[in-house]
Amino acid sequence: MYSDGIFPTVNQTAHQSVLQAKGLRKVYGSRVAVDGIGFSFEEGEFIGFLGPNGAGKTTTIKMLTGLVKPTGGEITYFGKDFFANPRFAKRIIGAVPQQNNLDRDLTAYENLKLHAILYGMDRSGMSEKIGEMLTFAGLTNYRDMQVKTFSGGTMRRLVIARALLHEPGILFLDEPTVGLDPQIRRSIWEFIVKVNNLRNTTIILTTHYIEEAERLCRRVLIINDGKIIAEGRPDEMKKEIGQYVLEIYMEEGINERFFESREDAVIALRDSRYPCKVREVTLEDVFLKITGRRINV
Ligand SMILES: Nc1ncnc2c1ncn2[C@@H]1O[C@H](COP(=O)(O)OP(=O)(O)OP(=O)(O)O)[C@@H](O)[C@H]1O
Ligand SMILES: [Mg+2]
C-alpha cells in the first residue's frame with residue numbers, strides 16, 4: 001500500500017468508533033442480498049468492501065446511508081441508533097452512489113448549490129463554501145459549465161465534491177472508479193486519499209477492483225453472497241496464504257500453488273511439465289482460496 005510513493009503516508013489516529021453494524025440483513029423476495037453482516041469502523045479509517053458483482057456491496061451501502069430499509073440488524077453512528085436519529089446520521093455522512101446522479105443540465109456550481117440548499121447550509125457563506133470545494137476538487141475551471149459536457153472522470157469528481165460539501169465525517173463511495181480509464185482512475189484515487197489525509201474523513205468504499213482495494217484501503221472486508229468471508233489488512237490477508245503464486249496452465253484450466261518465497265516458486269516452475277508463471281499474491285487469490293472462484297470473471 002502506498003508503496004510507490006505516490007500516495008502520502010496516512011497519519012491516522014484511529015480511536016473513536018464512528019460506525020457499527022450488527023446482524024445487518026436485507027432480503028428482496030426470496031433473494032438474500034445481505035446476510036447478517038457486522039463491523040465496527042473507527043474515525044479516519046480507510047475501509048474497502050471488496051466483492052464480485054451481486055455480492056451485496058451496494059445494498060450494504062444503501063442500508064448504511066438510509067436509502068434502503070434493512071430487513072434486520074442494527075446500525076449505530078457514534079453510538080446512536082441510526083433509525084432513531086436519522087437526521088443526526090445523515091448530517092455526518094456523505095454518499096457517492098454507484099451511478100452518477102447529477103443534474104446534467106445544471107452547472108457544477110448549481111449542482112453543489114442544490115445540495116447545499118437540501119442540506120440546509122447557511123446561505124450567507126454558501127457561495128464561498130462551494131467555491132472552496134470546487135478548488136479542493138480541482139474543478140474551478142468547470143464551475144459554470146453544464147455537467148452534460150463533462151468527461152466521466154470530471155463528473156465523478158463533482159459527485160465526490162458534492163458529497164463532501166456539508167463536511168461529513170464519513171464518506172461512502174460505491175464503486176468510485178468504474179468505467180474510468182487508468183489515468184483518470186489514479187487521479188480519483190489521489191483525490192480520495194487527499195480527503196482521508198487532510199480532513200481525516202473516514203472513507204468506506206466498495207469495489208470489485210483488486211488493485212483499488214489493495215492500494216487504497218487500510219482494511220478490507222471481502223464480501224461474497226451477502227456475507228463477509230474475510231477481513232483484515234490487505235498485506236496480512238495475503239501473507240496468510242503465501243507470498244508468491246505459481247500459475248500452472250493445464251488443459252482443464254489454471255491451477256494455482258502458493259509459496260512463501262519466490263525461489264521456492266521458481267524451483268516448482270522448473271519442475272513443472274506445464275507452462276507456468278510466477279507472480280505475487282493478490283487479494284484475488286485470497287478470494288479464490290476461500291470461495292473457489294474469482295472476483296472478476
Ligand atoms: N431492488 C432490488 N430488488 C431485488 N433484488 C435486488 C435489488 N437490489 C439488489 N438486488 C439483488 O441483491 C443482490 C446484491 O446486489 P447489490 O447491488 O447489493 O450487489 P453489488 O455487490 O453492489 O454488485 P455490483 O458489483 O454489480 O454493483 C443481487 O443478487 C441483486 O440482484
Ligand atoms: Mg454495486
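The values are calculated or read from the model by the stated rules, or taken from the named source; none is laboratory data. As the structure is a prediction and not an experimental result, all values here were calculated from the model. Reconstructed Cβ throughout: ideal geometry from the backbone, glycine too, with neighbour counts over all protein chains shown.
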| query | Does at least one position in segment 262-277 carry a residue that is among the β-branched types (V, I, T), touching a helix residue (DSSP H, G or I) at 6+ places or on another chain (Cβ under 9 Å) and over 30 Å from V27 (Cβ atoms)? | reply | no
| query | Of these, Y244, Y249, which one is touching a strand residue (DSSP E or B) at 6+ places or on another chain (Cβ under 6 Å), of a type in the set (F, W, Y) and free of Cβ contacts under 8 Å to residues at least 40 places away in the same chain? | reply | Y244
| request: State whether one or more residues within segment 174-195 are surrounded by fewer than 18 Cβ atoms within 10 Å (Cβ to Cβ), acidic (D, E), away from ligand 1 (no atom under 16 Å from the Cβ) and within 17 Å of L112 (Cβ to Cβ). | output: no
| task | Evaluate the following for L158: is it crowded, with 17+ Cβ neighbours inside 10 Å, assigned by TED's automatic domain parsing to the domain that holds R87 and within 16 Å of ligand 1 (Cβ to nearest atom)? | result | no
| remark: Those strands (runs of 3 or more DSSP E) completely within segment 208-281 that have 3 or more residues that are closer than 27 Å to T177 by Cβ and of a type outside the set (K, R) are 219-224, 227-232
| request: Among what's in segment 31-75 and is away from ligand 2 (no atom under 16 Å from the Cβ) and assigned to a loop (DSSP other than H, G, I, E, B), pick the residue that is nearest to A21 (Cα to Cα). | output: P70
| remark: Looking across segment 161-173 at residues that are within 17 Å of L112 (Cβ to Cβ) and among the hydrophobic types (A, V, I, L, M, F, W, C), the single one that is nearest to the chain's Cα centre (by Cα) is L171
